[in-house]
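Undergrad: The structure under discussion is supplied below as structure tokens; questions concerning it will follow.
The values are calculated or read from the model by the stated rules, or taken from the named source; none is laboratory data. It should be emphasised that the depicted structure is a prediction, and the values quoted were computed from it without experimental measurement. Every residue, glycine among them, receives a Cβ derived from its backbone with ideal geometry; neighbour counts consider all protein chains shown.
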Amino acid sequence: MIRMELRGVDDLLKKFEAIRGDMYEALAAALIAGGFPILNTAKDLAPYKTGTLMRSLHLLDEKGADITRAQPEGETSPRRMSVEPGVVKRLAKELRTKGIATVLAGTDLDYAAVQEFLYKPYLRPALSQNKQEVKDEIARALKQLVRKVTS
């Protein structure tokens, strides 16, 4: 007969419990980080006449509220964006309580849908080009959490 024992489970469970809050914040941050490559590619692909469509592309929460921070005065690069303070904690809370959090890449311009669906798609190709990068970002966050628990 072969006997197998698993030791240290209590310690491991205590470590998991200790990082539970970190887990939700890491996943929320990974979700946001995964949105930026999609957003930047969409800006590259967006039709350009005046630049308004490109500048209007932002990360949004599930209610459509902009979660990206406004650029500093005089900043000309539309790709240098950060997230509003408190967004990661808010998304982490949604993950903890609802089991789901949503980050959208988009715009509120009326003519954006016409451009996307009738003339020159920019959001859908941006998503397909960056699917793996989004998955990799979430996997990276999970690996980092596992390393934290097992170290």
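Undergrad: Would the stretch 118-140 turn up any residue that is β-branched (Val, Ile, Thr) and more than 14 Å from the chain's Cα centre (by Cα)?
TA: Checked the stretch 118-140: no residue is β-branched (Val, Ile, Thr) and more than 14 Å from the chain's Cα centre (by Cα).
Undergrad: Name the residues in the stretch 102-144 that are polar (S, T, N, Q) and crowded, with 19+ Cβ neighbours inside 10 Å, would you?
TA: If the condition is that a residue be polar (S, T, N, Q) and crowded, with 19+ Cβ neighbours inside 10 Å, then Thr107, Asn130 are the ones that fit.
Undergrad: Within the stretch 118-133, how many residues turn out to be farther than 12 Å from Ala46 by Cα and free of Cβ contacts under 8 Å to residues at least 12 places away in the same chain?
TA: Of the residues in that region, 4 qualify.
Undergrad: Given the criterion modelled with pLDDT of 85 or more and basic (Lys, Arg), identify the matching residue among Arg69, Arg80, Arg90.
TA: Arg90
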